[in-house]
Amino acid sequence: AFIIDRATRDRLIAEHKSSKELLKPCLRGRDIKRWRVESKDLWLIFTRRGIDIKSYPAIHEHLKHFKKQLTPGGPGGRKPGSYKWYEIQDPIAYWKEFENHKVVFPDIADSSEFCWDADGNYLANTAYFLLADKWILSVLNSNAVLWYYRHICNTIRGGYLRFIRQYVEQIPIPPATAAQQADIEKRVVRILNMKATALPAKISVLEREIDEIVYKLYNLTKEEIAIVEGKE
C-alpha cells in the first residue's frame with residue numbers, strides 16, 4: 001500500500017499534482033550495500049499522522065484499495081492505535097531528518113555495509129541511519145571497527161550481524177583533526193564516485209589506505225593490527 005514503484009508514483013502525480021508532496025524516495029535494507037546504494041526506484045507514500053487526506057485525492061483513492069488491511073486493530077490488519085487507516089502507524093517525530101545527508105545501513109549484514117545517502121531517502125524498517133560527517137563512514141567500514149563489532153554483537157543464523165542501536169551506539173569514534181578528516185574523506189569520495197562496475201582491486205587499494213589511517217586514529221600497535229587482520 002505505502003511502498004510503490006516509479007510507474008505508480010508517476011500515475012498518482014499525473015492524477016493529482018498534490019500527490020508529489022507525500023511521495024518520498026525509499027530504501028529497504030536489501031538496497032544498501034557497502035559504500036553504495038542499489039536503488040530499486042521505490043517510493044514511500046508518507047501519510048504521516050494528522051495529514052488531511054482529502055487534499056491528496058489520488059493518493060486517497062489508491063490507499064482505499066487497501067483500507068481493510070490498513071484499518072487499525074482489524075482482522076488481519078495493523079496493530080491497534082489512534083491513527084487513521086490511511087496514516088503511517090507510528091508518529092515518526094524525526095521524519096524531517098530523513099532528508100538530510102546521512103550514513104545509512106541495513107539492519108542485518110554479514111559485514112560492514114555502511115553507505116552515504118545524499119538523496120534524502122526515507123528508510124523502511126529494515127534499515128537505519130546516522131546523521132554524521134562523511135569521514136565517519138570510512139571509520140564504520142574499516143577493518144578495525146568490524147573486528148570490534150564482531151566482539152560486541154551476537155551473531156544470528158548464518159553468521160549474520162545485527163546492526164541495531166544497542167550495538168552500533170557502542171562503536172567508539174576516534175578523535176581526528178580537520179586535516180585528518182579531510183585526508184580520509186577524499187578517499188571516501190573517490191570510492192563513492194566509482195561506478196558499481198569499478199574493479200574491486202581499485203576499491204581495495206583505497207580501503208587499505210583508509211584502514212591504515214584508521215589504525216593510526218585508534219593508536220593501534222603493530223601487534224594489535226596483526227590481531228585485527230587475523231595474522232596472530
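Between helix 6-15 and the chain, what is the angle of the helix's C-alpha long axis to the longest principal axis, kept within 0 to 90° and rounded to the nearest 10?
Around 40 degrees separate the two axes.
Tell me the carbon and sulfur percent of the accessible area for the chain, rounded to whole percent, probe radius 1.4 Å.
On the way: 6710 of 13080 Å².
Result for the chain: 51 percent of the exposed heavy-atom area is carbon or sulfur.
Which of the pairs 102/186; 67/96; 33/195; 20/54 have their Cα atoms more than 19 Å apart in this structure?
Those over the limit are 67/96.
Karplus couplings for the range 212-219 from phi (6.51 cos²θ - 1.76 cosθ + 1.60, θ = phi - 60°), rounded to Hz, Gly and Pro as x?
My calculation for the range 212-219 gives 4, 5, 5, 4, 5, 5, 8, 6 Hz in order.
Sequence gap at least 6, Cα distance under 8 Å: using those rules, report the relative contact order of the chain to the nearest whole percent.
17
Work out how much length residue 33 to residue 101 would gain on full extension: take 0.36 nm times their residue separation and subtract the Cα-Cα distance, in nm to one decimal. Intermediate values should be presented prior to the final figure.
Values: separation 68, 0.36 × 68 = 24.48 nm, distance 1.67 nm.
Residue separation times 0.36 nm, minus the Cα-Cα distance, leaves 22.8 nm.
Give me a comma-separated list of calculated 3J(HN,Hα) values for the range 30-45, in order, Karplus coefficients 6.51, -1.76, 1.60 applied at θ = phi - 60°, integers in Hz, x for any Gly or Pro.
My calculation for the range 30-45 gives 5, 8, 9, 10, 5, 6, 9, 10, 10, 5, 9, 6, 9, 9, 9, 7 Hz in order.
Could you run the Debye sum over the Cα atoms of the range 187-232, one equal point scatterer each and no solvent, and tell me log10 of I(q)/I(0) at q = 0.19, 0.23, 0.27 Å⁻¹, two decimals?
Taking Cα atoms of the range 187-232 as identical point scatterers yields -0.67, -0.81, -0.93.
For the range 124-135, in order, what is each residue's ³J(HN,Hα) by Karplus, 6.51 cos²θ - 1.76 cosθ + 1.60 with θ = phi - 60°, in whole Hz (x at glycine and Pro)?
Along the range 124-135, the couplings run 6, 7, 10, 8, 9, 9, 10, 8, 8, 5, 4, 5 Hz.
Give me the log10 of I(q) over I(0) for the range 62-126 at q = 0.22, 0.23 Å⁻¹, as the Debye formula computes it from C-alpha points; what are the numbers?
-0.93, -0.95
Hey, what did the range 98-232 get for relative contact order, percent, Cα under 8 Å, at least 6 apart? Could you put the intermediate results ahead of the total?
Details: 146 pairs, mean separation 32.5, N = 135.
Relative CO of the range 98-232 lands at 24 percent.
In whole Å, what is the distance between the alpha-carbon centres of the range 80-130 and the range 165-232?
Centre-to-centre (Cα) distance: 25 Å.
Using Cα springs under 10 Å in a Gaussian network model of the chain, which residue among 127, 109, 182 shows the largest mean-square fluctuation?
182
Counting only residues 5 or more places away or on other chains, whose amide H sits under 5 Å from the amide H of residue 126 once H atoms are built in the peptide plane?
Under 5 Å from the amide H of residue 126: 29.
State log₁₀ I(q)/I(0) for the range 30-106 at q = 0.15, 0.16 Å⁻¹ as given by the Debye formula over alpha-carbon point scatterers of equal weight, solvent excluded.
Debye intensities relative to I(0), on a log10 scale: -0.70, -0.78.
In square angstrom, what is the accessible area per residue of the range 1-133 with a 1.4 angstrom probe?
53
Given N residues in the range 92-191, what is its alpha carbon radius of gyration divided by 2.2 N^0.38 Å?
Against the empirical 2.2 N^0.38 Å value, I get 1.10 for the range 92-191.
Once you have the Kirkwood Rh of the chain from its Cα pairs, apply Stokes-Einstein at 37 °C and 0.692 mPa s and quote D in µm²/s.
Working: Rh = 19.9 Å.
Using the Kirkwood radius from Cα pairs, D works out to 165 µm²/s.
Work out how much length residue 198 to residue 48 would gain on full extension: take 0.36 nm times their residue separation and subtract the Cα-Cα distance, in nm to one decimal. Let's see the in-between values first.
On the way: separation 150, 0.36 × 150 = 54.00 nm, distance 3.95 nm.
Value of the extension gain: 50.1 nm.
Between residue 181 and residue 15, what is the label-point separation in nm under the 7 Å Cα-to-beta-carbon projection?
Here the modelled spin labels are 4.6 nm apart.
The values are calculated or read from the model by the stated rules, or taken from the named source; none is laboratory data. The shown structure was predicted, so the numbers you read here are calculated from the model rather than taken from an experiment. Virtual Cβ from ideal backbone geometry, glycine too; neighbours counted across all protein chains shown. With ligands, DNA and RNA removed, areas are computed over all heavy atoms of the protein, side chains included. Shrake-Rupley method; radii C 1.70, N 1.55, O 1.52, S 1.80 Å.
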